[in-house]
Every structure is written in C-alpha cells, then in structure tokens.
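Novice: Starting off with a structure, shown below.
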Amino acid sequence: MLFEPGNYNFNSRLNFGDKSITHRAFICGALAEGTTEIENACICRDTLSTADCLKKMGADFVFRGTSVTVYPLKALPSRNEPLVLDCGNSGTTARLLAGVAAGLGIRAVFKGDASLSRRPMDRVILPLREMGFDIRKTDNALFVTGDSTCVRDERELSFETSSAQVKGALLFAALVSGGTIKITEKVRSRNHTEIMLSHLGARIKTDGNEIRLEKSRIKGAKLKIPNDVSTAAFFIAHGLLGDGAVLNNVGVNPTRTEYISLLKESGANIEISNEKNVCGEAAADISVTRSALKPFICRKERSRLLLDEIPALAVLALTAKGRSKFEGVGELAAKESDRLAGVCGLAKSLGADAAVCGDCLEIYGKGYIEGGQADTLNDHRLELAAATAGLHSKRGVETSFGYADVSCPDFLKIIGAEKFRLGLLGGDISSSKSPLLFSLFSDYFSVPLSYELFETDAARFDDTLKKLKTYADGFNVTMPYKSRLSSDGMPSNTVLNKCGRFLPAVTDGDGVVLSLAAHKIDVEGKKLLLIGAGGSAAAAARALADRGAKLCFANRTQEKARESASRFGGKIYEKGVVCDGILSFVPVFDRLLFADEKDVAAAEFVLDAYYFRDTRLLQCARKYGKIAVDGLDMLFFQAIKAFEIFTSVKASDTDTEALYALFRSKI
C-alpha cells in the first residue's frame, strides 16, 4: 500500500480506546460478580483474542461497536479435556490469562501465531510457579496450565523487569485463588491492573513501588475507557509534521506519558487540557501544532517508559536534523517482531542512516523523510509508523498494511486516508431511506462514508455476506434476514465488520424506545399491545420490558404470540383489554389488525413501524387526537445508534435534535 502526501483531513471525532485497559476490563468483567458494561473499548485483533479465550473459559460478551457488555464466568470448564486457548498475536492475552487460568486451576493449552510463539514466556511462567501454581512449558504451545491451585497466604516477589503483564498475571492469579500477594517492583511499570481492581472493589494498595492485594472479590460496574496514548503517538507525530491535530479523551496515566514529555523537551508544541479522572484513569485532550524538533537523547531509565512509542519517535527523528539516540531499548527485539531491527531498517529504507549498538538505537535525521519501500515485518506498530512517515515524505512510502488491526483498525479513517464503507443488506430495498440518513450523518459529523444497497435473496445470501466481509465496515439488515445474524439471542439489524469478523448488534429496540421518548412517552408501568413477532417486535419487546412496561402480544400465528409472551414476561392479548399504547410491527397499512378504533381511542399513543406510506393505524390515532409515532421516527433513532456502532461517534442530545429536524425536512 502506498502512503504519500495529500489533502487528508484528520478526524478528531473518531475514537481509539486504550488496548491495555480494554484487555483488563474484559478480564475483570469475566471475573467480577455481576455484569460489566464497558464504553469505548478497543475492538481490535488483540482484544478480541482475549474475549475469545474468556468465552472458552465460560464468560460471555455482547458487542455493540465499542460498547461491550461482559457476563462473568458461570462455571469452570470441565477438567476432563484441556481448553485450547488461541491467543493469536497477543502477548498481553497470553500472559494475563496465564494468571487467571493457573489461579482458577483450569486445564488449558495456550497457543499463539508464529510471532507470539517466538516471544519469551518464562517471565510469566517462573513467578507463577514460584507462587505454587501448575504452569509449564511444553512443545507446540506457549505453555500449559494444570489443576493445582496451591497458594500461600502471602508471597513477596521482586521484579527483575518492568513488565506490567507479568505483574497483572500475578495479581489476577492471587485474586481468583483467594490469596494475598505483595509485589515489589524494582522498576515501576504500567499500573492499569491495579487501578481497575481498585475501582471494582478489590482491597489493593500501592505504596511507592510496593503493591499489596489482600483477599478480595470484585464487582461488575460501568467502565469508561480513555483513548489509547500509544496509538495517539502516531497521530501526535502526524500533527507535529503536518497541520496539527486535536485528540480528545486520551489516557494520560503518568506511566504512559513519557513520550509527550520527551517531545516537549525537543521543541514540540503540545498542550494538555480538560484533564479528568475516568474510572480511576487520568484522561485529557491533547492539542498539537506543527513543530520543528531537535534530535532526541533518550536515556535508558526513560526509554523503558516509552518502548511502544519508539516507532513513532523514529519517524519524528528522521525530520530532526542530527543524531537521535535511544538507550536501553533491547526489549524491542522481543516484541511482535524484532522491532528494534525493524525500526532501524525502517529508518534506513526511508533515507536516513541508522544503527543498533547493543541495546541502543541511533538514527541520523536529515531534516526530512525521503520515502521508499519499507519492510514492516508484519508488525502493527511498524506499519503505523511507515504509514505516518509516508504522509509526510518526499516520494511516499510503500509498505504492507495487513496488521494495523492488531491495535487500531480505524487508523486510516482517523487520519483521513479512508472512508467508512457501509450499506444495507436485504431484498426489495430500493426505496430505503437509510442512504439518506447516513448521508446526513456523514455531512453533519464530517465523517466520510459511503452507503450502498446490497440486494439479495435466499439463494444469494451467503455469497452476499462473503462480499460484505471483504468490502464493508458495517451494514444494516432488513427482514427476513435479521434472524440469520443474531446478537444475544436476538435477530440483528446492525452488523459491525471488524478484524475480519461480524459483530452483530440490535438497534431496533433503541429505535422504539427513543422514538417514544422523543414524544415524551415514559413506558414504565404502562400496558402495551405489541402486534407482530418478527425481529423488530422482539427487539422492541426486550427494550420495553427492560424499562418496566407491561406487555401484551398479538400475532396472526397464536403460537408465536405465546412464545413472545413467555420469552419477555408478558401475556397473550385478549380482545377488550384497554392498553396505554399500541405498537405494530407488521407490514400492513390499509386496515387495523387486532386493535379496532375503540382500542385506539382508549390508548394514549400508537407506534407503527411501517414507514413506506401512511397507515390506517396512524390515521385512526390522529382522528382521536392520540400521539401517532410513525416508522420514520423508529428508523431515524435506530439508524443514529447504528452510526455510533459503525463509527464510534456518539450523537449528543443537541446533535440528535438537529439531525432529526433535518431528516424530517428532507422527506
């Protein structure tokens, strides 16, 4: 892929949740008592590996874009056959879950891809064995855990390395085994595990470099995750070399911001504002303006705090005339690739002189980036570095770009080099209003996208899905195909395509609830008649039941009405029962079904999901002066939630009101 200078519009509205914190949020959610709701999770190849492994252990996950609900482990897996846990490319997944599996006594075989299989695992195996857990190396696997869960009341361990992953593994092992642990770090490392455990109720204290966790349980909660400062490093570099950038809600945990401090000392114009605490984590907005930088001199004690940012610093070092030196970066050789050699090779391929001397990296910047062809070793951070360099080079940079989704799948969209590719899947959809809606959203939020119609039928459905998997970032689904893609047991109308997999979600229920709320209708305690038993009706039933409505169901097939009543805790509708609201989800416009004019006259409101023309139900409601909510309202509100799932851009109340008025003015 060729990256070259151009007119790119950096999109500060898009989010890129912190990968390190997301791993820990998924794990804590699986270990907590009760449900955990996570906002702005990083949905990437690495974190999905963690979710997949936790699912095998017995947890469950429901994805709505970057909003994730985690249901904890129900029961430990059978010990008859060991679990095979595929960690993919993620060292964080393997090391953190080593502590969980060993502490719980889960028999498991941990595996990874070729890159992960080359990475050192003794650093986590040996201290866990020292704690008394059964974990060992084996051929053809990263390691295996057994069924021994012996742990003493307290162990004092001293780190030889500054590994937050190993520290996290030990803390999780102690937590799930009911032990007490004291850890002394010789060198402070990232403290995301400690912060999250404390936020969720664990009895954990930090005093300088000493961490003590006493026997604890954690409880599920609502977690908000800031944007990832390591990913932001590339956007900061992009802004410093170009027209500036504004990054919102970025994590500024003191163990992660040495990169920013080094840049400021080298002449970077960076401002930190709107500092706040997000579930125990420090976050802020970062503003960057174009800056001329001096070469970097980064001593060993500093380098250990910014290893993940070295590729971004290397790009900037190319533009700083003179020698930049990074000491004590040998650990880079044990990353997803030999990243130390990779960064050195990248600098050379882009026109600079560079060398590795022991555990030091030296780059001799010319004051500009020449460009060229770069070998990024299938390493996500090297790919992001090469792409960033290419946008500010003289002749462009050509590189592979197949691993960026390990950490930041939306990188190209954030820097403005690519638009979202969305669409609608269904049959007979030529009259759909969805393309209009998403065009309005795109213009209003300045988020470039295309929205296409993907006509299909039963015979072509599977082939159409294959096309969407390779082409689209997300798509909406119409009946009768919603049931072919389900989420949390519900037919899905919204599907995010992330890292080569479909993540179905349901926004029909949002469409109904938000439509009623827009008309100031509170459904709590109200008796509602739901007509129909399809995907939209089911989504509405769940959403309304969750908000305290009393539901009655009617359908042409009595058995389906009975199933709905049983599933959502309602009753079969009996003629003559007065209902506060009547909601129809059947494609009938020229007559009333189940409810007659007398029923409509006794109701407070009606909602008809059919939006292609005015319906008899809506006409009757207006005749009697009742609130009439049409299907266009439902379409609008479910679409704005789908847009959030696809893009991570959340509409405020003010945004929603403005867009609603604009949409209504267009039809």
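The values are calculated or read from the model by the stated rules, or taken from the named source; none is laboratory data. Please read these numbers as outputs of a predicted model, since none were measured by experiment. Every residue, glycine among them, receives a Cβ derived from its backbone with ideal geometry; neighbour counts consider all protein chains shown. For accessibility, only protein heavy atoms count, side chains too; no ligands or nucleic acids. Shrake-Rupley method; radii C 1.70, N 1.55, O 1.52, S 1.80 Å.
Per-residue answers, yes or no, for (1) over 34 Å from the mean Cα position of the chain (by Cα); (2) more than 23 Å from ASP18 (Cβ to Cβ):
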| site | (1), (2) |
| --- | --- |
| GLY280 | no, no |
| PRO311 | no, no |
| ALA320 | yes, yes |
| LYS325 | yes, yes |
| ALA333 | no, yes |
| ARG339 | no, no |
| LEU384 | no, no |
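Novice: Could you check how many residues of region 611-625 are touching a helix residue (DSSP H, G or I) at 6+ places or on another chain (Cβ under 8 Å), of a type outside the set (Gly, Ala, Ser) and buried (at least 19 other Cβ atoms within 10 Å of the Cβ)?
Specialist: Count: 3.
Novice: Based on this model, can you work out whether ARG304 counts as more than 20 Å from PHE235 (Cα to Cα) and in contact (Cβ under 8 Å) with a residue 60 or more places away in the chain?
Specialist: yes
Novice: Just name the residue that is most open to solvent (accessible area, probe 1.4 Å) out of those in region 432-475 that are in contact with a helix residue (DSSP H, G or I) (Cβ under 7 Å, 6 or more places away or on another chain), over 18 Å from SER492 (Cα atoms) and in a helix (DSSP H, G or I).
Specialist: The selected residue is TYR444.
Novice: Still on this structure: Go through region 259-300 and give me each residue that's open to solvent by less than 70 Å² (accessible area, probe 1.4 Å) and of a type in the set (Asp, Glu).
Specialist: First, the residues of region 259-300 that are open to solvent by less than 70 Å² (accessible area, probe 1.4 Å): 259-263, 266-268, 270, 272-273, 278-288, 291, 293, 295-296, 298.
Selection gives GLU281, ASP285.
Novice: Which of (1) of a type outside the set (A, V, I, L, M, F, W, C); (2) touching a residue at least 60 places away in the same chain (Cβ under 8 Å); (3) open to solvent by less than 10 Å² (accessible area, probe 1.4 Å) does ASN249 not meet, given it meets every other one?
Specialist: (3)
Novice: For residues that are surrounded by fewer than 17 Cβ atoms within 10 Å (Cβ to Cβ) and of a type in the set (Lys, Arg), tally how many sit in region 353-389.
Specialist: 1
Novice: May I pose another question? Is there a residue being within 30 Å of LYS325 (Cα to Cα), crowded, with 22+ Cβ neighbours inside 10 Å and among the aliphatic types (A, V, I, L, M) anywhere in region 194-211?
Specialist: No; the residues of region 194-211 include none that is within 30 Å of LYS325 (Cα to Cα), crowded, with 22+ Cβ neighbours inside 10 Å and among the aliphatic types (A, V, I, L, M).
Novice: Would region 476-483 turn up any residue that is modelled with pLDDT of 95 or more and in a loop (DSSP other than H, G, I, E, B)? Don't jump to the end; show me each part of the working.
Specialist: Going residue by residue through region 476-483, those that are modelled with pLDDT of 95 or more are 476-477.
Subset that is in a loop (DSSP other than H, G, I, E, B): none.
No, region 476-483 contains no residue that is modelled with pLDDT of 95 or more and in a loop (DSSP other than H, G, I, E, B).
Novice: Which residues, taken from region 598-619, are more than 20 Å from THR507 (Cβ to Cβ) and either touching a Lys or Arg at 6+ places or on another chain (Cβ under 8 Å) or of a type in the set (Phe, Trp, Tyr) (or both)? Walk me through it before giving the result.
Specialist: Filtering region 598-619 for residues more than 20 Å from THR507 (Cβ to Cβ) gives 598-606, 613-619.
Hits for region 598-619 are VAL600, ALA601, ALA603, GLU604, PHE605, VAL606, ARG616.
Novice: Every residue in region 389-416 that is farther than 16 Å from THR376 by Cβ and under 26 Å from the mean Cα position of the chain (by Cα), please.
Specialist: Residues satisfying the conditions are PRO409, ASP410, LYS413, ILE414, ILE415, GLY416.
Novice: Do we have any residue at all in region 396-419 that's closer than 30 Å to ALA51 by Cα, open to solvent by 30 Å² or more (accessible area, probe 1.4 Å), in contact with a His (Cβ under 8 Å, 6 or more places away or on another chain) and touching a residue at least 24 places away in the same chain (Cβ under 8 Å)?
Specialist: Within region 396-419 (the criterion being closer than 30 Å to ALA51 by Cα, open to solvent by 30 Å² or more (accessible area, probe 1.4 Å), in contact with a His (Cβ under 8 Å, 6 or more places away or on another chain) and touching a residue at least 24 places away in the same chain (Cβ under 8 Å)), the answer is yes, since at least one residue qualifies.
Novice: Just the residues that are open to solvent by less than 30 Å² (accessible area, probe 1.4 Å) and not hydroxyl-bearing (Ser, Thr, Tyr), please, taken from region 486-497. Lay out the reasoning, then the answer.
Specialist: Initially, region 486-497 is screened for residues open to solvent by less than 30 Å² (accessible area, probe 1.4 Å), giving 487, 490-497.
Hits for region 486-497 are MET490, PRO491, ASN493, VAL495, LEU496, ASN497.
Novice: Report, by residue number, each residue of region 65-89 that is crowded, with 24+ Cβ neighbours inside 10 Å and either charged (D, E, K, R) or free of Cβ contacts under 8 Å to residues at least 60 places away in the same chain (or both).
Specialist: Answer for region 65-89, where residues must be crowded, with 24+ Cβ neighbours inside 10 Å and either charged (D, E, K, R) or free of Cβ contacts under 8 Å to residues at least 60 places away in the same chain (or both): VAL68, LEU85, CYS87.
Novice: Go through region 324-352 and give me each residue that's open to solvent by 40 Å² or more (accessible area, probe 1.4 Å) and out of contact with any Asp or Glu (no Cβ under 6 Å at 6 or more places or on another chain).
Specialist: Selection gives GLU331, ALA333, LYS335, ASP338, ALA341, LYS348.
Novice: Oh, and also: Quick one: is LEU73 of a type in the set (A, V, I, L, M), under 30 Å from VAL397 (Cα atoms) and either in a loop (DSSP other than H, G, I, E, B) or touching a Gly at 6+ places or on another chain (Cβ under 9 Å) (or both)?
Specialist: Here the answer is no, as LEU73 does not meet what is asked.
Novice: Is one or more of the residues making up region 91-99 surrounded by fewer than 24 Cβ atoms within 10 Å (Cβ to Cβ), of a type in the set (Ser, Thr, Tyr) and in a helix (DSSP H, G or I)?
Specialist: yes
Novice: Which one of these does ARG591 not meet: (1) within 24 Å of PRO480 (Cβ to Cβ); (2) without any contact (Cβ under 8 Å) to a residue 40 or more places away in the chain; (3) surrounded by 19 or more Cβ atoms within 10 Å (Cβ to Cβ)?
Specialist: Looking at each condition in turn, ARG591 falls short on (3).
Novice: Tally the residues that are within 20 Å of the chain's Cα centre (by Cα) and assigned to a strand (DSSP E or B), restricting the search to region 76-90.
Specialist: Count: 1.
Novice: Output the residue which, of all residues in region 596-622 that are of a type outside the set (A, V, I, L, M) and free of Cβ contacts under 8 Å to residues at least 24 places away in the same chain, is nearest to SER432 (Cα to Cα).
Specialist: GLN619
Novice: Among (1) more than 23 Å from ALA538 (Cα to Cα); (2) surrounded by fewer than 21 Cβ atoms within 10 Å (Cβ to Cβ); (3) in contact with a Gly (Cβ under 9 Å, 6 or more places away or on another chain), there is one condition ALA651 misses while meeting the rest; what is its number?
Specialist: Looking at each condition in turn, ALA651 falls short on (3).
Novice: Would you point out the residue of region 634-667, among those that are not small (Gly, Ala, Ser) and not in a helix (DSSP H, G or I), that is farthest from ILE414 (Cα to Cα)? Quick ask: steps written out before the conclusion?
Specialist: First pass over region 634-667, keeping only residues not small (Gly, Ala, Ser): 634-638, 640-641, 643-647, 649-650, 653-657, 659-660, 662-664, 666-667.
Those left that are additionally not in a helix (DSSP H, G or I): 649-650, 667.
Values: VAL649: 12, LYS650: 15, ILE667: 31 Å.
Ranking the qualifying residues of region 634-667, first place goes to ILE667.
Condition check ((1) crowded, with 18+ Cβ neighbours inside 10 Å; (2) among the charged types (D, E, K, R); (3) under 24 Å from the mean Cα position of the chain (by Cα)) across all residues:
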site: CYS499; (1), (2), (3): no, no, yes
site: THR507; (1), (2), (3): yes, no, yes
site: ASP510; (1), (2), (3): yes, yes, yes
site: HIS519; (1), (2), (3): no, no, no
site: LYS526; (1), (2), (3): yes, yes, no
site: GLY535; (1), (2), (3): yes, no, no
site: ALA549; (1), (2), (3): yes, no, no
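Novice: Count, please, the residues in region 25-57 that happen to be more than 18 Å from LEU496 (Cβ to Cβ) and open to solvent by 10 Å² or more (accessible area, probe 1.4 Å). Before the answer, list the steps.
Specialist: First pass over region 25-57, keeping only residues more than 18 Å from LEU496 (Cβ to Cβ): 25, 27-36, 53-54, 56-57.
When the remaining residues are screened for being open to solvent by 10 Å² or more (accessible area, probe 1.4 Å), the result is 31, 33-35, 56.
Number satisfying all stated conditions: 5.
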